[in-house]
Structure formats: structure tokens, C-alpha cells
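Colleague: Quick one: the structure is below, questions incoming.
Computed from the coordinates by the stated procedures, all read-outs in this text should not be read as laboratory data. The structure displayed is predicted, hence computed values, not measured ones. Positions of Cβ are backbone-derived with ideal geometry, glycine not excepted, and every protein chain shown enters the neighbour counts.
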Amino acid sequence: MSAPAPVPPPSLPAPIGLLAELTHRCPLGCPYCSNPLELDGREGELGTDDWRRVFSQAAALGVMQVHLSGGEPAARRDLVDMVAHCAAVGLYTNLITSGIGLTPKLVAALSEAGLDHVQLSIQDADEDSADRIAGYRGASARKREVAAEVVRAGLPLTVNAVIHRANVSRAGAVLERAIAWGARRVEIAHAQYYGWARRNRAALMPTRAEAVAAIGEIERLKAAHAGTIVVDHVIPDYHARYPKACMGGWGRRLINVTPTGRVLPCHAAESIPGLEFWTVRDRALGDIWADSPAFRAYRGTDWMVEPCRSCPRKGVDFGGCRCQALALTGDARNADPVCHLSPFHDRVDTIVLAETEGPAAAYAYRGRSPADASIDRS
Ligand code: SF4
Ligand code: FES
């Protein structure tokens, strides 16, 4: 086993969570995918020993939770080994999965290896619509079976769904489906327009009236089902007054490792030009967390410009999302323009109106690499 990672200086708290993007390979083609336009290929992926080293270093650094994600993490043949290693070094493991490729045998093996939690995505409460959104016929029925398998194995299940134009009228039905499937928690998040999703913004964005109606319905059901299921409701920030503290603040709580080992402060950080990302192939995770130029670029509040610089909320939302600020204003240092105090806020209203008038555009589905054929779809 490798040497433990150096601990960061006392003024810098350890990250709470690590998002391990084990692979970008995925059987689905969701138009709202937040992974980057250029996906990492299978040939460049970190090997099992690399990931074991990363997980050991994460535990030594103070990370508590590892989110095993992708793409579809079940596309990795060594998934059970990775879960077992995380359990051995004391990390809580959450598998973020589409469910495709998760056979009953694999669920049992993961449970046996010490997996703590499963987060299963669904695309809609209507199965035909769900398959259309995923670009995969039969996906929804398969997910239903996987949910039953996870519950049977005694693993806590969270169902998560991304809400957008095609399913916004059934947001409440999605929540009820999660209850019917035995989930203890449901995460309902309105689409964010990063990565591939940015390309589909005109196909995905609901009108303001649709979004407001969905928010009301979910909040009503959240109250009605309190005690039955925990509802995590992430409201669409295009319709909010203040931005969210994206990633809990840049370089404050979370660390993201890509399939090839680059370490990012957020999953979309590579969209910001000029940032230098270090890799776990060359350096220890603790060094990267403390000193990587990309993590230092927007950590804290010293980098801020007005109106954030003198705003009393700057330690609450950290100026919102750097990637969204860049995408909509051209400068990642600006306040996230979803903030009503941003001088660029009118751009958000203009986009909502422009993208939602007229019929929805056709989806651009994610392409699939030949390597995806390796995923067991039985
Ligand atoms: Fe947050 Fe900046 Fe808006 Fe203040 S001005 S609420 S810090 S985004
Ligand atoms: Fe990068 Fe929000 S997605 S900071």
C-alpha cells in the first residue's frame, strides 16, 4: 500500500467527499449529461491500483464519502474490488448508477464487498418517455428490476431524477415512483446547463410557469410524505433569486477525479480556460487539494470582483457557480448571473424566454464509444 498523503495545512479543512468518475463509458445517451463534450476514452482510464492509491490517500486526507460515478461505474470490471478497498480504508461508498449493467449477481457482490448506498437515476415516471430521454429502449423496466434487487439486498436506495421540459409535468409522479420502488430518499434536481447539457438547452429548458408549477407540486408532496421519504429538491437556479453555493464553494468540500486521473474542483472546471489541473498519476491527493493552481484559483473570497466582493452573502454562496459565470458572462470571476444583483442578470431572463418559445428542439444524444459494447446489458 502507498504512503499516506501529506495532510493539508491546519487552516484548510479536508474535503468531505470525493467524486470518483471511474469511467466516461455509459450505455445511455441522456441529453442533459453534465459530463464534458470531450469524453475520456477507455484506453486512458486509471487502473485498479491507481484508484486504490487514490482511495487510500483520500481516507488519509480526511475524506469521508466516495461517490463512485461515471458514465456508468458498472462498466468497470473491477468495481467490486474498488468498493472492497474503500470499505477497508473506512470510506463510505455511494454508487451512482444508471442501473444498466447492474445484474443481481453484481448487486450481491457489491453488497458483500461493503457498499453502503445506491443512487439510481430515473428519467421519467412514464416509461416510454423515460426510454426516449435515455435513448435506450427498455432502460426504465430494467431500472425497476434493479431497484427491487437493491432493496432486496438491504442496501439503502436513493432515486434521483433530472427535471426538464419533457418530464416537468410529471415531477410529482417521479417522487411517487421513488416511494413505490422502496427508496428512502429521492433527489429531484432541475437540469443544469453544463457540459453536454449546454448543447441541449433549447430542448431541455421548461418555461418559467412549468418550472414554478413543478416546484409547488414537489414541495406539496415533500410535506405530505414527510416521514416516509426524504426529499432533496434542488430548484432550478435560472428561476432563483440567489445562486447556490456550487460544490459547497470552490475547493472547500469536494474533490473530483476524472477517469484519467485529473483532479478538478468541480466536474465542469475544465470548461474554464487557463486553469492548470494536476493529476493523481504524478502527485498525492493531499498535495493537489492544498496546492493545485486550479483549486487555489477560486478558493475563499479574495478573488472576487464586485458585487460579490462587498456582498454580505459572499461567505454563504461563494458567488455561485464559476462555470456558469464564465458561460454567461465570459469571466469566471463574475457573480453567477442567476443572482439578481449581478449586472448580467438580464441575460438569464433573455435565455429563458429565447429557449422556451416555440416547440422544443430535438435532442442531441450523447454518442457512445465502441468500448460501451463491453457493458453487460442482460
Ligand atoms: Fe452571492 Fe455574489 Fe450575488 Fe452576493 S452578489 S448574493 S455573493 S452571487
Ligand atoms: Fe463548476 Fe459550478 S459547475 S463551479
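Colleague: What list of ³J(HN,Hα) values in whole Hz, one per residue of the range 16-32 in order, does the Karplus curve 6.51 cos²θ - 1.76 cosθ + 1.60 (θ = phi - 60°) give from phi, with Gly and Pro shown as x?
Modeller: 7, x, 10, 8, 9, 7, 5, 7, 9, 5, 7, x, 8, x, 3, x, 9
Colleague: For the chain, evaluate the Debye formula with one uniform point scatterer on each Cα (no solvent term) and list log10 I(q)/I(0) at q = 0.10, 0.11 Å⁻¹, rounded to two decimals.
Modeller: -0.64, -0.79
Colleague: May I ask you to sort 198, 309 by Cβ crowding, counting other Cβ atoms within 10 Å and putting the fewest first? Before the final figure, lay out the partial values.
Modeller: Values: 198 18, 309 14.
Going from sparsest to densest Cβ surroundings: 309, 198.
Colleague: From the C-alpha gyration tensor of the range 24-128, pull out the three semi-axes of the equivalent ellipsoid (sqrt of 5λ each), sorted largest to smallest, in whole Å.
Modeller: Semi-axes, largest first: 24, 17, 13 Å.
Colleague: Where does each of 271, 129 land when they are ranked from fewest to most other beta-carbon atoms within 10 angstrom?
Modeller: Exposure proxy ranking, most exposed first: 129, 271.
Colleague: DSSP loop GluC sites (Glu not before Pro) in the range 11-62 with at most 15 other Cβ atoms within 10 Å of their Cβ, which ones?
Modeller: Within the range 11-62, the qualifying GluC sites (Glu not before Pro) (loop, at most 15 other Cβ atoms within 10 Å) are 38.
Colleague: Turning to a different aspect of this structure: When DSSP beta bridges are limited to those with both residues in the range 8-152, what percentage is antiparallel, rounded to the nearest 5?
Modeller: Working: 0 of 13 bridges.
Within the range 8-152, antiparallel bridges account for around 0 percent of the total.
Colleague: Below 8 Å between Cα atoms, with a sequence gap of 6+, how large is the relative contact order for the chain in percent?
Modeller: Normalised by residue count, the contact order of the chain is 21 percent.
Colleague: Also, quick follow-up: Stretch residue 151-residue 207 to full length: gain in nm at 0.36 nm per residue minus the Cα-Cα span?
Modeller: Working: separation 56, 0.36 × 56 = 20.16 nm, distance 3.61 nm.
The span from residue 151 to residue 207 would gain 16.5 nm if fully extended.
Colleague: Could you point to the residue in 245, 82, 367 farthest towards the positive end of the chain's charge dipole, with +1 and -1 charges on the Cβ of Lys/Arg and Asp/Glu respectively?
Modeller: 245
Colleague: Which far-off residues, 5 or more places away or on another chain, put their amide H under 5 Å from the one on residue 119, with H placed in the peptide plane?
Modeller: For residue 119, the qualifying residues are 95, 96, 97, 158.
Colleague: Using the 10 angstrom Cβ neighbour count as an exposure proxy, how do 289, 196, 51 rank, fewest first? The partial results should precede the final answer.
Modeller: On the way: 289 28, 196 21, 51 25.
By the 10 Å Cβ count, ascending, the order reads 196, 51, 289.
Colleague: Could you tell me what fraction of 2.2 N^0.38 Å the Cα radius of gyration of the range 17-239 comes to, as a two-decimal ratio?
Modeller: Working: Rg = 17.3 Å, N = 223, 2.2 N^0.38 = 17.2 Å.
Rounded to two decimals, the normalised Rg is 1.01.
Colleague: Still on this structure, I have one more. Which lysines, if any, have their Cα less than 20 Å from the Cα of residue 143, not counting same-chain residues under 8 positions apart?
Modeller: The reachable lysines, counting only those whose Cα sits under 20 Å from residue 143, are 105.
Colleague: Enumerate the calculated ³J(HN,Hα) couplings along the range 319-329 in order (Karplus 6.51 cos²θ - 1.76 cosθ + 1.60, θ = phi - 60°), each rounded to whole Hz, writing x wherever the residue is Gly or Pro.
Modeller: x, x, 9, 5, 5, 6, 4, 5, 4, 9, 10
Colleague: I've got another one for you. Based on Cβ point charges of +1 for Lys and Arg and -1 for Asp and Glu, what charge dipole magnitude is obtained for the chain about its Cα centre, in debye rounded to the nearest 20? Can you show the working numbers first?
Modeller: On the way: 42 positive and 42 negative charges, 58 e Å.
Magnitude of the dipole: close to 280 debye.
Colleague: Suppose every K and R has +1 on its Cβ and every D and E has -1 on its Cβ; what is the size of the dipole of the range 17-239 about the Cα centre, in Debye to the nearest 20?
Modeller: Dipole about the Cα centre, nearest 20: 340 debye.
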